[in-house]
Amino acid sequence: MSSPGTTVIGSGIAGVACARALSDAGLPVRVLDRGRAPGGRMAGRTLHGRVVDLGASYFTVGQDSPFAPVVEDWVARGLAREWTDTFSVVGPDGVTDTKTGPVRYGAAGGLRSLVVDLARGLDLVQQRTVEQVRLDGGPTVDGERADAVVLALPDPQARRLLEPGSAPETVLDPRGWQPTLAVALGWSTRRWDADLHGAFVHDDPTVEWLADDGDRRGDGAAVLVAHTTPEFAARHLEEPALAGPEVAETVTRLLGLDAPPDWTHVHRWTFAKPTSPREQAFSLADGIGSCGDGWSAPSKVESAWTSGHELGRELAARLG
């Protein structure tokens with residue numbers, strides 16, 4: 001009898017990295033996701049003829065990180081590009097300072113394209129909603145047996161699938177994650193300083209981060225993406241589209257622009273980032289593992305990939 005293999009639930013970068021590690025070890029694995037395409041919180045959407053990054057704004061990579069060869073390959077093939085190491089600081093008085101840090105990377109095709117590339121050749125099933133993960137002499141997904149199950153989901157979503165009080169459920173964070181709204185704003189022509197790149201926003205109740213989408217993508221499009229504060233997002237989760245005008249007014253005022261945007265688009269992230277990401281890379285109990293943004297602190301793209309990759313390697317060692 002053939003092995004049922006591992007079932008990974010969630011096709012963000014953590015879930016795909018986990019599946020890739022298992023597949024590279026020669027083990028059967030399939031990935032289930034309720035969305036239409038892989039990407040998770042590295043998502044984008046085609047707006048007015050071009051893809052706009054609405055999830056993660058960029059990614060970084062440590063010199064000795066196991067993620068580094070993956071990034072080097074993306075850059076060599078033209079999928080990823082170095083963006084900037086400097087962001088502005090914006091406050092009530094406009095741009096007040098700059099901050100320099102590690103090189104941030106973007107992707108010409110949007111960050112989702114990198115997850116799509118990582119998923120090539122995997123058994124990936126999209127638009128598949130999972131109802132429950134149970135232990136019945138071994139892990140099952142909606143009654144189908146698996147050698148192991150991986151929940152590459154935010155903790156609140158993963159907890160809904162598990163039996164309350166079970167070992168895999170009790171390690172997940174009951175406090176939930178912080179929400180945000182990603183608001184794309186488009187103009188016919190660029191109206192801000194070419195050195196803006198991105199901006200940390202201080203002392204504003206509405207917006208906490210701005211990214212120049214045309215700059216990070218490399219096509220120069222006159223599009224900014226604003227990420228709101230968790231408090232502002234929490235007040236608009238039921239009707240996020242209504243938040244667009246207030247965010248547009250805030251960005252126009254903060255940057256001192258001479259005209260409001262020609263269009264806006266609001267994307268809701270109910271679970272944008274973990275309140276307290278854990279230091280450990282993943283959890284694994286009774287054949288059910290969890291990985292992703294809530295693990296391998298601090299929460300960022302590299303950490304999510306590392307979390308999934310390390311869990312995949314651990315499962316490969318046990319199942320192989």
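Read the figures in this text as sums done on the coordinates, not as results from a lab. All of these numbers come straight from a predicted model, not from anything done at the bench. Neighbour counts are summed over all protein chains in view; Cβ atoms, including those assigned to glycine, are modelled from backbone coordinates with ideal geometry.
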Item to check | Angle between the chain longest axis and helix 301-319 axis [Cα atoms, degrees, rounded to 10] | outcome: 10 degrees
Item to check | Amide proton proximity set for Gly39, modelled H, under 5 Å, gap of 5+ | outcome: Ser11, Gly12
Checklist entry - Could you state the per residue volume, in Å³, of the convex hull enclosing the Cα atoms of segment 217-320? => result 158 Å³
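Quick one: putting +1 on the C-beta of Lys and Arg, -1 on the C-beta of Asp and Glu, what dipole do you get for segment 1-157 around its Cα centre, in Debye to the nearest 20?
Once rounded to the nearest 20, the dipole reads 480 debye.
Let me spell out the model: positive unit charges on the Cβ of Lys and Arg, negative unit charges on the Cβ of Asp and Glu, origin at the Cα centre of the chain. What dipole size does that give, in debye rounded to 20? Write down the numbers at each step before the final one.
Values: 31 positive and 43 negative charges, 155 e Å.
Rounded to the nearest 20 debye, it is 740 debye.
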Checklist outcome for this item: Against the 2.2 N^0.38 Å rule of thumb, the C-alpha Rg of the chain sits at a ratio of 1.02
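May I ask you to order 3-15, 190-202 by the average number of other C-beta atoms within 10 Å around their residues, highest value first?
3-15, 190-202
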Checklist entry - On a 0 to 90 degree scale, rounded to 10, what angle separates helix 13-24 from the longest Cα axis of the chain? => result 40 degrees
Checklist entry - Percent of alpha carbon pairs in segment 12-58 separated by more than 13 Å? => result 63 percent
Next on the checklist: Just to be sure I understand: with springs between alpha-carbon atoms less than 10 Å apart, which residue in Gly176, Gly26, Gly287 has the highest mean-square fluctuation in the Gaussian network model of the chain?
Outcome noted: Gly26
Item to check | Tilt relative to the chain, helix 244-255 - C-alpha long axis, 0 to 90 degrees, to 10 | outcome: 60 degrees
Item to check | Calculated [θ] (222 nm, deg cm²/dmol) that DSSP helices of n ≥ 4 give over the chain, each run adding -39,500 (n - 2.57) | outcome: -7000 deg cm²/dmol
Next on the checklist: Report, to one decimal in Å, the Kirkwood hydrodynamic radius for segment 115-178 based on all distinct Cα pairs.
Outcome noted: 13.3 Å
Checklist entry - Is segment 86-199 best put as rounded, prolate or oblate by its Cα gyration tensor, with a ≥ b ≥ c the root eigenvalues, rounded for a/c under 1.5, and otherwise prolate when a/b is larger than b/c, oblate when not? => result prolate
Checklist outcome for this item: Sequence order, segment 209-220: Karplus ³J(HN,Hα) from phi using 6.51 cos²θ - 1.76 cosθ + 1.60, θ = phi - 60°, Hz rounded, Gly and Pro as x, gives 7, 10, 10, 7, 5, x, 6, 6, 7, x, 9, x
